[in-house]
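> I have a structure here, written as structure tokens, and I will follow up with some questions on it.
The values are calculated or read from the model by the stated rules, or taken from the named source; none is laboratory data. For clarity, every value in this text was computed on a predicted model and none was experimentally measured. Don't worry about glycine lacking a Cβ; one is built from the backbone with ideal geometry, like all the others, and counts go over all protein chains shown. Surface areas here come from the heavy atoms of the whole protein model, side chains and all, with no ligands, DNA or RNA. Shrake-Rupley method; radii C 1.70, N 1.55, O 1.52, S 1.80 Å.
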Amino acid sequence: HGGRVELGPRPEYLVNDMASSPLKTKLMSCLADDMLQMTPSDKSIGHRGACMQFPEHTAESYRAALVQGAGIVECDVAVTKDGELVCRHSQCDLHTTTNILATALASKCSTPFTPYNSATGADATATCCTSDLTSAEFKSLCGKMDASNTKATTVVEFLGGTAGWRTDLYATCGTLVSHAESIDLIKMYGGKFTPELKTYTQGSLSMAYDQVRAKLIQEYVDAGVPAAQVWPQSYNMPDIEYWIANSTFGPQAVYLDGDYCDGTLAACTADDSFASYVSKGIRYIAPPMQMLLKAANGGYEASEYAVAAKAAGLKIITWTSERSGPLQTGGGWYFATTRDITSRDGDVYDMLHVLFSKVGIEGIFSDWPATVTFYANCKLHPMQRRASTCGALKAFYKAQTCCNQTEKP
């Protein structure tokens, strides 16, 4: 499977939506080049797979990301009742990412479904965790788009709520996977790995935190995956410190910066920590893209935070492209520092260009990896050319007259 890339229509839509610029001209030339071959790129990281249109952390979402050329794919790691590692964004998100409430397993949820109360205005709620279920029970569920309707009076209503710019087209029954299964799938496609260990609440579970940290790494060792192909992530510094101290996977551990700020040195207290990160052996940090950008001179520019992090010797990965929906109203949270200059969907490519060319990021998580894959192949990597159809025919038939006229590739 490795190497096959299908971009679909979205990159072309985005490029055509850009304001006129040298960057647009370059990207248009790549779109028009029939001989340009798209290849997988490590710059393009599948965020929970390709979850703009596929249920996150399902086999279908991972395959979609890999076919779109994501060189690296993320499995967020949570723990089941019987101590197995599975791919979920949170230990307790099954009520919004699966059909659990519509199954008999709803009785095992930490907090059962409570409908919306019109008299008090209290929202509909439920809490269902991976730690409520065995791995077999977890695997029996269907993945769905991550959403809920907080005004629901029935379970069916609660399981709805998918944003209008997403789709339920591929959400009939997403295949849930264990962490080990995700490794096998991604490996089959020739991809690389970035597992994020989610905050683990042990509760009544038998596994200690260090056992979870160790098990995450061991599953790559057991699968024969080299440490150089894995970027383990966490918001929790003890996770990063454990991997650095106890495994050969530590040098690529990614510290997720959850100290959200506006990218200025005055506001970002974490700036003072860059030197201490480096002294601990941390090489990678991953803040949200809003912390790396500022609006200046009518365009996107590198923030003070970004400049300081690079000066400290840190490598930067960021998140999340294609998670904001239509950008006509400024792009929401992910564009918080650049809302005033963000007004069209095509602005995503101007943003990516600055992140790669001026901030110097290593890669970016995307809910639709094809967008980044196209940019990387057009602007960042040596262009790969398709073999001439006529040349192949000549070689096969040893004919000298089959292509005397101009061919259409």
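> Please determine, by comparing only the residues of the range 173-187 that are of a type in the set (Gly, Ala, Ser) and within 14 Å of Gly143 (Cβ to Cβ), which one is nearest to the chain's Cα centre (by Cα). Before you say what the answer is, go through the steps one by one.
Let us first name the residues in the range 173-187 that are of a type in the set (Gly, Ala, Ser), namely 174, 178, 180, 182.
Still in the list and also within 14 Å of Gly143 (Cβ to Cβ): 174, 178, 182.
Working: Gly174: 17, Ser178: 17, Ser182: 14 Å.
Here the answer is Ser182.
> Note down all Cβ pairs under 8 Å where the first residue falls in the range 271-290 and is in contact (Cβ under 8 Å) with a residue 60 or more places away in the chain, the second is small (Gly, Ala, Ser) and open to solvent by less than 10 Å² (accessible area, probe 1.4 Å), and they're at least six residues apart or on different chains.
That search, which allows pairs on different chains as well, returns Tyr284/Ala253; Met289/Ser321.
> Considering only the range 105-119, state which residues are outside any loop (DSSP other than H, G, I, E, B) and farther than 23 Å from Cys87 by Cβ.
Of the residues in the range 105-119, the ones outside any loop (DSSP other than H, G, I, E, B) are 105-108, 111-114, 117.
Result: Ser107, Pro112, Phe113, Thr114, Asn117.
> Restrict the check to the range 258-280 and report whether at least one residue is touching a Pro at 6+ places or on another chain (Cβ under 7 Å) and open to solvent by less than 40 Å² (accessible area, probe 1.4 Å).
From the range 258-280, those touching a Pro at 6+ places or on another chain (Cβ under 7 Å) are 260; that's our starting set.
From the residues that got through so far, the ones that are open to solvent by less than 40 Å² (accessible area, probe 1.4 Å) too are none.
So far as the range 258-280 goes, no, none of its residues is touching a Pro at 6+ places or on another chain (Cβ under 7 Å) and open to solvent by less than 40 Å² (accessible area, probe 1.4 Å).
> Checking Val212 against (1) open to solvent by less than 30 Å² (accessible area, probe 1.4 Å); (2) at pLDDT 95 or above; (3) in contact with a helix residue (DSSP H, G or I) (Cβ under 8 Å, 6 or more places away or on another chain); (4) not charged (D, E, K, R), which single condition isn't satisfied?
So the condition that Val212 fails would be (3).
> Can you spot a residue in the range 178-189 that is assigned to a loop (DSSP other than H, G, I, E, B) and open to solvent by less than 40 Å² (accessible area, probe 1.4 Å)?
Taking the range 178-189 as the starting set, the residues that turn out to be assigned to a loop (DSSP other than H, G, I, E, B) are 189.
After this cut, where a residue has to be open to solvent by less than 40 Å² (accessible area, probe 1.4 Å) as well, the list is 189.
Yes, because at least one residue in the range 178-189 is assigned to a loop (DSSP other than H, G, I, E, B) and open to solvent by less than 40 Å² (accessible area, probe 1.4 Å).
> I would also like to ask the following. Go through the range 312-335 and give me each residue that's open to solvent by 20 Å² or more (accessible area, probe 1.4 Å) and of a type in the set (Val, Ile, Thr).
Thr329
> Answer yes if at least one residue in the range 147-170 is closer than 26 Å to Ala208 by Cα, among the hydrophobic types (A, V, I, L, M, F, W, C) and touching a helix residue (DSSP H, G or I) at 6+ places or on another chain (Cβ under 8 Å), and no otherwise.
The answer is no; no qualifying residue exists.
> So the check is Cβ under 7 Å with 6+ separation or different chains; which pairs have a first residue in the range 103-115 that's free of Cβ contacts under 8 Å to residues at least 40 places away in the same chain and a second one that's aromatic (Phe, Trp, Tyr) and part of a loop (DSSP other than H, G, I, E, B)?
none
> Every residue in the range 304-358 that is over 17 Å from the mean Cα position of the chain (by Cα) and of a type in the set (Val, Ile, Thr), please.
Val307, Thr329, Thr337, Thr338, Ile341, Thr342, Val354
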